[in-house]
Amino acid sequence: TLTFAQSATHHLDSTTQGEIQEDMPGFRTAVDNFLQFAPAVAVFGLNAAGVKGRHTMLQATEYYIVAFLVMAGTTEVLKTATHVQRPDQSDYKSFPSGHTANAFMGAEFLHQEYGHRSVWYSAAGYTTATATGLLRMTNNRHWLGDVIAGAGSGILSTRFSYWLVPRINKAIQKDKHPPIVLKF
């Protein structure tokens, strides 16, 4: 049986998807398959072009890898555990949207590295990520709830990475320089 919250969410997903498919039946594009990577690629591109971010290229790569591993792991576990059918009925791995999670992970990564330089970097990243999510729904591959959960997962994965990586590096540095023991 569905709870009230599940029923309300299912209704919102169904009506939103119904409206999209009514207005744009048969719409298909592969742009979202590439667009999901744009915010993260922007970080590395800006760094390679000499635009200084908060961290070096190596440090930024550490943050990115940890964020990606957390996001990808979380997304796969949830897809398997929830077993939600896609709107196009192609499989049961709809929740959450991995493309959207990846795009928002990259958008938050861009925000963390370049948001302090200009709000436009953050705006561009989040606009691109939002477009990715909208295209996933328009392509009839995801429900609204899948996209919202994917966005949250992506953002939280990157924020977790920016919390975790300094702690890991500090612990590693502590191990490299053991305390000096004086013998008398």
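Within region 118-145, the residues that satisfy the criterion of being under 16 Å from the mean Cα position of the chain (by Cα), open to solvent by 40 Å² or more (accessible area, probe 1.4 Å) and of a type outside the set (A, V, I, L, M, F, W, C) are Y126, T127, T130. Can you confirm whether A107 is assigned to a helix (DSSP H, G or I), modelled with pLDDT of 95 or more, within 27 Å of S14 (Cβ to Cβ) and open to solvent by less than 40 Å² (accessible area, probe 1.4 Å)? The answer is no for A107.
Scanning region 5-14 for residues that are open to solvent by 60 Å² or more (accessible area, probe 1.4 Å) and either over 16 Å from L134 (Cβ atoms) or of a type in the set (K, R) (or both) yields A5, Q6, T9, H10, H11.
Does S94 qualify as being touching a Pro at 6+ places or on another chain (Cβ under 8 Å), at pLDDT 95 or above and open to solvent by less than 70 Å² (accessible area, probe 1.4 Å)?
Values: touching a Pro at 6+ places or on another chain (Cβ under 8 Å): yes; at pLDDT 95 or above: yes; open to solvent by less than 70 Å² (accessible area, probe 1.4 Å): yes.
Considered against the rule, which asks whether it is touching a Pro at 6+ places or on another chain (Cβ under 8 Å), at pLDDT 95 or above and open to solvent by less than 70 Å² (accessible area, probe 1.4 Å), S94 comes out as yes.
Scanning region 55-77 for residues that are touching a residue at least 40 places away in the same chain (Cβ under 8 Å), open to solvent by less than 60 Å² (accessible area, probe 1.4 Å) and part of a helix (DSSP H, G or I) yields A60, Y63, Y64, V66, A67, V70, M71, T74, T75.
When R86 is tested against (1) within 16 Å of the chain's Cα centre (by Cα); (2) not in a helix (DSSP H, G or I), only condition (1) is not met.
Taken over region 112-152, the residue count meeting the criterion of being touching a Phe, Trp or Tyr at 6+ places or on another chain (Cβ under 7 Å) and under 23 Å from E62 (Cβ atoms) is 5.
For region 35-46, the set of residues classified as within 16 Å of T158 (Cβ to Cβ) and touching a residue at least 40 places away in the same chain (Cβ under 8 Å) consists of Q36, F37, A38, P39, A40, V41, A42, V43, listed by residue number. Residues considered: V66, V84. Of these, the only one that is at pLDDT 95 or above, over 22 Å from A131 (Cβ atoms), of a type in the set (A, V, I, L, M, F, W, C) and out of contact with any Asp or Glu (no Cβ under 9 Å at 6 or more places or on another chain) is V66. Just one of the numbered conditions (1) assigned to a helix (DSSP H, G or I); (2) of a type outside the set (S, T, Y); (3) within 12 Å of the chain's Cα centre (by Cα); (4) surrounded by 24 or more Cβ atoms within 10 Å (Cβ to Cβ) is not true of A149: (4).
The values are calculated or read from the model by the stated rules, or taken from the named source; none is laboratory data. Note that the structure is a prediction, hence the values are computed from the model and not measured. Heads up, the Cβs are rebuilt from the backbone with ideal geometry, glycines too, and the neighbour counts pull from every protein chain shown. The area values use the complete protein model at the heavy-atom level, side chains included, leaving out ligands, DNA and RNA. Shrake-Rupley method; radii C 1.70, N 1.55, O 1.52, S 1.80 Å.
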